[in-house]
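Worksheet: one structure, shown below.
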There are 2 protein chains.
Amino acid sequence: MIDPPTAATARVSEWLSQFASALAQKNPAAAANLFADECYWRDLVSFTWNIKTLEGKSEIEAMLAATISGTQPASWQIDGDATEEYGATAAWFTFETAVARGRGYLRLKAGKCWTLLTTMTELKGFEEKRGATRAPGVQHGVFPNRKTWLERKTEAEAELGYTAQPYCVIIGGGQGGIALAARLKRLEVPTIVIEKNERPGDSWRKRYKSLCLHDPVWYDHLPYLSFPDHWPVFSPKDKIADWLEMYVKVMELNYWHSSECRGAQYHDDTNDWTVTVDRNGETVVLRPRQLVLATGMSGVPNVPKIAGTETFRGTLQHSSQFRGDGDYRGKKCVVLGSNNSAHDICAALWEQDADVAMIQRSSTHVARSESLMELGLGRLYSEAAVKSGITTETADLLFASIPYRIMHTFDIPIYQEIARRDANLYERLAKAGFLLDFGDDGSGLFMKYLRRGSGYYIDVGASELVADGRIKLRSGVNIERIEAESVVLTDGTVLAADLIVYATGYGSMNGWAARLISQEVANRVGKCWGLGSGTTKDPGPWEGELRNMWKPTQQPGLWFHGGNLHQSRHYSLYLALQLKARLEGIPTPVYGMTAVHHRA
Amino acid sequence: MIDPPTAATARVSEWLSQFASALAQKNPAAAANLFADECYWRDLVSFTWNIKTLEGKSEIEAMLAATISGTQPASWQIDGDATEEYGATAAWFTFETAVARGRGYLRLKAGKCWTLLTTMTELKGFEEKRGATRAPGVQHGVFPNRKTWLERKTEAEAELGYTAQPYCVIIGGGQGGIALAARLKRLEVPTIVIEKNERPGDSWRKRYKSLCLHDPVWYDHLPYLSFPDHWPVFSPKDKIADWLEMYVKVMELNYWHSSECRGAQYHDDTNDWTVTVDRNGETVVLRPRQLVLATGMSGVPNVPKIAGTETFRGTLQHSSQFRGDGDYRGKKCVVLGSNNSAHDICAALWEQDADVAMIQRSSTHVARSESLMELGLGRLYSEAAVKSGITTETADLLFASIPYRIMHTFDIPIYQEIARRDANLYERLAKAGFLLDFGDDGSGLFMKYLRRGSGYYIDVGASELVADGRIKLRSGVNIERIEAESVVLTDGTVLAADLIVYATGYGSMNGWAARLISQEVANRVGKCWGLGSGTTKDPGPWEGELRNMWKPTQQPGLWFHGGNLHQSRHYSLYLALQLKARLEGIPTPVYGMTAVHHRA
């Protein structure tokens, strides 16, 4: 017995039906009129061949006017029942376009659409082989001089990059490059990953020894092969490294370890790249059509120029160089910076009996890991979420359905609750002189992450040491100059130092474009990341999406992939589909490229 | 709205309720009277601490009389609705015992129980950590001189086998040993796997190059970490080898590669073993309490003694030594045997342009892989099964719920259909002189596998070559003697030979016990595998279960693990629980050990 649809479900079906009509009639105005005055349509590839949020009815109407004929959207169907959330009626739906299938999520208020998410799930005719369409594995029958799987794989590996060119080259073999390469493999896009380290996962192995993932396991799965159900909540670095290593192997990725890109150049006449690679001492020149920089959220390390550096007799490192495997007992350690790496490194040094000082130049947002896990992520990424039927894929889409423009309004209450819950810690931090913030507008950690990629610490223990003075905090100062065995702060304080660590962050990802390609290209694509919110370190104008991430850039053939494990997993799908479409000659008219407003 | 239970569900609930009462009153006779005249109760550990099938009401009553007080079964609950199958009303249920939780499946006919399966799922107080109880991974907080995961793992690995003894040693690091070790790891039973090859998976890598798994992917998953959804239906050997290698790593198994057991001896006074291991040239003496032989279905290779062997100038190999990487073009190859390895090897040689002869001594059952997949396995292990909600775990339990005594009656119709469907091939094989059977009683491949572990070929192409004579078949003969460049058959035929391969199978697994421990112990435990069906190569009396597999043997502390990937996966759970119970000092009164009737 099938229950009759609820009133809410009927409302959504009715709205979808009107929406479908307006689109079928190629009537952008009519379609836009189905939206509320405050409305957002976020499209992941399916209409715009971009990662794009349209805000307000005019932007929606303009986008449809430009794209409706080519997209030919159809077959709009509600999927499941409507629910109520955030004061709106919400529902999943599926749809098709001329060349693809899609899935989406909508929220209606008073019969009009408040938020709409449309995402491409697969290209027609180029669906990933899975389940019933999986490869047979062996050809049954008899074939003279049959090549085995291993022989064919070995041959293909010997050819790719030499006698056969890859369509796509990915610079950077960390979790971002790996996730994207897995998607491209499943979509049969010939791809090579270029990784400087020897083994997949080394970018984790080579970090300081106490490092663990800061995001909990449900947030961290890679595409296609989730961690087993006993995987720890927070992966130690070496454990995640081992997983990445086996993933590269069993997913059969073309992964060139011990390889560095020496330079890349785009050819406007042939629409392809020359990518020069030092492959374990051998120079190889690749000619891909697409080049993806997956060098990590972190661009080139920021190393402050401080007077007297050359006189210093101790060890001076950027945080990216800190391994934590020295003998620090009794050593005087000065850490410049107060965000995640700074805290982790201070705690690691303290645990090894060092005398640790943290120099905090500007305020930091601190949120306890347990509070974040429960209040920040728990709704979508937790054991409870899994039990309630929210799969990783569902969680990713729900997460993606919150428009960036208003995301802070969802987060402010969460961080108010965190501030209440952990009031004791925050008071003690403040008493110790720690400069604390909750983001410019109280929206907390994730918005700081999206806006500036920094400025926070996910507390896994170091804040206690700061609060009670076991880590000696100097706040609101900087290092004025360095001397042979000490640092002098801007307030005149002198601190003895055997070790100085600059936990001073990284530049924008396009710094890698400057290094590997040219400053001209780096300028052409502009700053990566950030939303243009006009908050600290995220200058406007408003972008609506993360600059340059997972979508076409102003440099043809150049793409950026990365982010945290959730973003690497989810957005690798859309970037892979965009690359596959180009490989197959499917028209990909990009709508709504934004101008470049910042170079770095 | 919850629908009222169906009549069938109500009948099952009523039966369970009566069953629970009889057990609670410790009334074996009353409990047995709830069974039909033809009845089977298969218990996997929960009542009998054994792998045991009781057949008929008296056996059931006797088992209950012996075990009811200790087991204290309770909390019998139907799980889901009843269904109709095989002319019976079937349903899942859960239950508990004093020390464990269980799951089972029953079939009722006319209100009485026809088949009952009870299985232990976990030990109370020793549940595997998963989901909400998974390890945190890192201790949040600050800990002076904290050891990282890697440091603790490295230390533990350095100690185990040296300063800390394992509870269990598994000889053999193929899929069986690996699956069992994974279960034991999750149950926190300190275990070492001893593997002679260098890398996990080498037992597959080193086989002949065209080898693929003969069972389809849905049948083959390892515990805890299933293959991703694009894994090929039939894994090439190197691909499954790579999976096993990474599985060992990410499941953190204590796996000693390049290690061979030189001998083992049980000490009755201390109830433990001395196991001498050559670990990559270093002699290590282990003192486990439990020793598991997981050396594979295959015992020691059967090498026939044939007159004139020493005169042969060509290459003579047992099938286990055949790599298939020589130059066989134009070479005369004689393969003695007609079962799976023989066919695979003949086909591999033919594909490389060799001149191939197969010497068939006795009849073979042939079933085409596609027919087997669809008609034999499709109900439980297929894409369709997955789509209909049958998980691997569910499929394993349903498979386990068919009593061995009557399994042939389920299979005979399947093979009749296979005979009909593939009549053309069978006719042509018969015309070519191939001696074909469908098992003594027409019950086909799986029964032959259970009864004698051999005597069949899963056709993946070689049968065409036999049918049309491209593989030259000589049937109903043996090799009489070997000469310098030829073999002489029992009918006087002389065949020129550059290569002779003995595809002549393996001895019983207790051959390994004889080699590694002593003939006395091998005799004490007796033949492994087989059901005692009284059919060819499976002499009676009837055992009711596979001899010595996954359960206590007549040698205290000695166990056998193995079988195909499905059995390695499923029965590793029950063997692991039996070992864990002993580690934790939980009483494990074994009911129904059978006497040893055959030594090999």
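Every read-out reported here was derived from the displayed coordinates using simple, explicitly stated rules and does not represent laboratory data. Model, not experiment: these values are computed from the prediction. All Cβ positions, glycine included, derive from the backbone under ideal geometry; neighbour counts span all protein chains shown.
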Taking every DSSP beta bridge with both residues inside the protein assembly as shown, roughly what % is antiparallel (nearest 5)?
55
Inter-chain shielding metric for B:458-470, i.e. average beta-carbon neighbours from other chains within 10 angstrom, reads 2
Taking the Cα centre of chain A as origin, sum charge times position over the Cβ atoms of Lys and Arg (+1) and Asp and Glu (-1), and report the length of that vector in debye to the nearest 20.
740
When only alpha-carbon atoms are used, what values of Rg and Dmax, in angstrom, describe the range A:211-288?
17.6, 53
Semi-axes a, b, c in Å (a largest) for the range B:147-262, each sqrt of 5 times a Cα gyration tensor eigenvalue, come to 27, 16, 12
Pop the C-beta distance of B:E483 and B:T315 into the FRET formula with R0 = 22 Å and round what comes out to the nearest 0.05.
0.90
So which trypsin sites (Lys or Arg not before Pro) in the range A:91-185 end up in coil per DSSP with only 10 or fewer other C-beta atoms within 10 Å?
none
Could you bin all the Cα-Cα distances of chain A into 10 Å bins starting at 0 and give me the percent of pairs in each, rounded to whole numbers?
3, 15, 25, 26, 18, 9, 3, 0, 0
Using a label position 7 Å from Cα in the Cα→Cβ direction, what is the ascending list of nm distances from A:A30 to the same site in the other copies?
7.4
For the pair B:R323 and B:V303, the simple spin-label estimate (label points 7 Å beyond Cα toward Cβ) gives in nm 1.8
Among B:A20, A:G87, A:P589, which residue has its Cα furthest toward the positive end of the charge dipole of the protein assembly as shown, with +1 on Lys/Arg Cβ and -1 on Asp/Glu Cβ?
A:P589
Just the number, please: percent antiparallel of the DSSP beta bridges in chain A, rounded to the nearest 5.
55
The protein assembly as shown - charge dipole about Cα centre, Lys and Arg +1 at Cβ, Asp and Glu -1, debye rounded to 20:
860
Compute and list, largest first, the equivalent-ellipsoid semi-axes of the range A:41-83 from the alpha carbon gyration tensor, each √(5λ) rounded to a whole angstrom.
20, 14, 11
For the range B:423-533, what does the alpha-carbon gyration tensor say about shape, rounded, prolate or oblate, given a ≥ b ≥ c as the root eigenvalues, a/c under 1.5 as rounded, and a/b over b/c as prolate?
oblate
Taking a label point 7 Å from Cα toward Cβ, how far is B:E155 from its twins in the other copies, in nm, shortest first?
5.2
Could you list B:V217, A:V285, B:V12 so that the one with the fewest beta carbons within 10 Å of its beta carbon is first and the one with the most is last?
A:V285, B:V217, B:V12
Determine the shape class of the range B:1-68: with a ≥ b ≥ c the square roots of the Cα gyration tensor eigenvalues, call it rounded for a/c under 1.5, and otherwise prolate if a/b is greater than b/c, oblate otherwise.
prolate
So what's the angle, to the nearest 10 degrees on a 0 to 90 scale, between helix B:57-71 and the longest Cα principal axis of chain B?
60
Which aspartates and glutamates, if any, have their Cα less than 15 Å from the Cα of B:K332, not counting same-chain residues under 8 positions apart?
B:E351, B:D353, B:D355, B:E483, B:E485, B:D498
Within the range B:182-226, the residues whose backbone N lies under 20 Å from a label point placed 7 Å from the Cα of B:R101 along the Cα-to-Cβ direction are B:183-189, B:223-225
Please state the charge dipole magnitude for the range A:375-497, taken about the Cα centre, from unit charges on C-beta atoms (+1 on K and R, -1 on D and E), reported in debye and rounded to the nearest 20.
160
Pick out, from A:Q416, A:L253, A:G102, the residue whose Cα sits farthest towards the positive end of the charge dipole of chain A, with +1 on the Cβ of Lys and Arg and -1 on the Cβ of Asp and Glu.
A:L253
Between the helical axis of A:340-351 and the dominant principal axis of chain A, each derived from Cα atoms, what acute angle in degrees is found, rounded to the nearest 10?
40
What does the average come to when, for each residue of peptide B:396-404, you count the partner chain Cβ atoms lying within 10 Å of its Cβ?
0
Nearest 10, in degrees from 0 to 90: the angle of helix B:175-186 to the longest Cα principal axis of chain B is 20
Rg and Dmax of the range B:362-430, using alpha carbons, in Å: what are they?
14.1, 42
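Over the whole of A:233-241, what's the average partner chain Cβ count within 10 Å per residue? Rounded to a whole number, please.
Other-chain Cβ atoms within 10 Å of each residue's Cβ, averaged: 5.
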Which of A:V169, A:L577, A:N302 sits farthest toward the positive end of the charge dipole of chain A, with +1 on the Cβ of Lys and Arg and -1 on the Cβ of Asp and Glu?
A:V169
Kirkwood Rh, Cα atoms: Rg over Rh of the protein assembly as shown
0.99
Could you list the square roots of 5 times each eigenvalue of the Cα gyration tensor of the range A:175-327, that is, the equivalent ellipsoid semi-axes, sorted largest first and rounded to whole Å?
29, 26, 13
Please go through the residue pairs A:K206/B:K580; A:K147/A:K551; A:K331/B:K147; B:K209/B:K527; A:K580/B:K206 and name each one whose alpha carbons sit more than 30 Å apart in this structure.
A:K206/B:K580; A:K147/A:K551; B:K209/B:K527; A:K580/B:K206
Take every Cα-Cα distance within the range B:470-600, group them into 5 Å bins from 0 onward, and report for each bin the whole-number percent of pairs it holds.
2, 8, 14, 15, 14, 11, 9, 9, 7, 4, 3, 2, 1
Volume per residue of the C-alpha convex hull in the range B:327-367, rounded to whole Å³:
56
Using a 7 Å Cα-to-Cβ projection, B:T133 label spacings across copies, nm, ascending:
4.2
So what is the 222 nm mean residue ellipticity for chain B from helices alone, if each DSSP H run of at least 4 adds -39500 (n - 2.57) and you divide by all residues, rounding to the nearest 500 deg cm²/dmol?
-9000 deg cm²/dmol
Cross-link candidates for B:K387: which lysines have Cα within less than 24 Å, leaving aside residues fewer than 8 places away along the same chain?
A:K124, A:K129, A:K387
Please say if the range A:269-367 is rounded, prolate or oblate, where rounded means a/c under 1.5 for a ≥ b ≥ c the square roots of the C-alpha gyration tensor eigenvalues, and otherwise the choice is prolate for a/b larger than b/c and oblate otherwise?
prolate
